[in-house]
1. Arrange the following residues from fewest to most other Cβ atoms within 10 Å of their Cβ: 33, 122.
2. So how many Å³ per residue does the convex hull of the Cα atoms of segment 12-52 work out to?
3. Take the Cβ-Cβ distance between residue 84 and residue 57 as r, set R0 to 45 Å, and report the resulting FRET efficiency rounded to the nearest 0.05.
4. Taking N as the number of residues in segment 20-97, what value does Rg over Cα atoms divided by 2.2 N^0.38 Å take?
5. So if each residue of separation counts as 0.36 nm, and I subtract the Cα-Cα distance between residue 7 and residue 25, what length gain in nm does that give?
6. What is the sum of charges, Lys and Arg at +1 and Asp and Glu at -1, for the other residues whose Cβ falls under 13 Å from the Cβ of residue 84?
7. So what J values fall out for segment 34-49 if you push phi through Karplus, 6.51 cos²θ - 1.76 cosθ + 1.60 with θ = phi - 60°, rounded to Hz, Gly and Pro as x?
8. When the C-alpha atoms of segment 40-149 are aligned to their principal axes, what extent does each axis show, in angstrom, from largest down?
Amino acid sequence: MIRVVTTRRLKAAREQEAEYAALRESHTGLVAEAQGLREELRGAEDREADLEERVKAFAGRAASMAAVVRQREGRIAELSERVRELLAEVRAAEARPERVSVLLYRGRFHSVHATVDDAKAEAERCGAAADGWDPAGHDDGPAGAAWFIFGNHQVKSASTEPAEGAA
């Protein structure tokens with residue numbers, strides 16, 4: 001059978017062929033784009049897996065650092081408490097006299113006082129003369145005086161006996 005092709009049919013066939021070629025080209029472009037998107041997706045999934053591993057590692061490090069921080073905060077609290085205790089000790093030590101005066105009677109220990117004047121007052125209360133106090137010389141020792149004070153400077157009194165009941 002012979003078929004006669006008309007111009008109109010030929011024109012329609014050429015239009016269909018052109019449309020088919022355009023669709024094929026579009027299809028090829030879409031396939032290439034889909035493949036590119038798939039590769040991008042695989043790359044994104046790989047990066048996501050890598051990021052998840054890094055997040056887990058960072059979370060572990062953060063937990064470890066938090067534990068160290070808590071430990072150091074505890075140590076800081078201990079040291080702060082110790083500093084407060086030492087500060088209290090220093091303040092208490094600063095409140096005490098820097099020197100004391102030791103009162104001897106006939107070369108033997110009698111009492112300890114904050115100042116030489118306090119030691120003199122105690123000796124006078126025990127019977128020493130109020131006006132008999134002299135600076136001790138280099139050769140003077142506690143045995144040569146009835147009352148002797150070791151303090152900021154050494155002083156002696158050679159007079160009187162202790163009052164009754166004094167040590």
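1. Details: 33 10, 122 19.
Lowest to highest Cβ neighbour count: 33, 122.
2. Details: hull volume 1.2 nm³, N = 41.
Each residue corresponds to 30 Å³ of Cα convex hull volume.
3. Computed FRET efficiency for residue 84 and residue 57 comes out at 0.65.
4. In units of the 2.2 N^0.38 Å rule of thumb, it is 2.84.
5. 3.8 nm
6. So the surrounding residues net to -2.
7. Result, ordered by residue: 5, 5, x, 5, 4, 5, 4, 5, 4, x, 5, 5, 4, 5, 5, 4 Hz.
8. Sorted from largest, the Cα extents of segment 40-149 read 109, 27, 18 Å.
Just so you know, all these numbers are worked out from the coordinates, no wet-lab data involved. Note that this is a predicted model, so its numbers are computed, not measured. For neighbour counting, all protein chains shown are included, and Cβ atoms are generated from backbone atoms with ideal geometry for every residue, glycine included.
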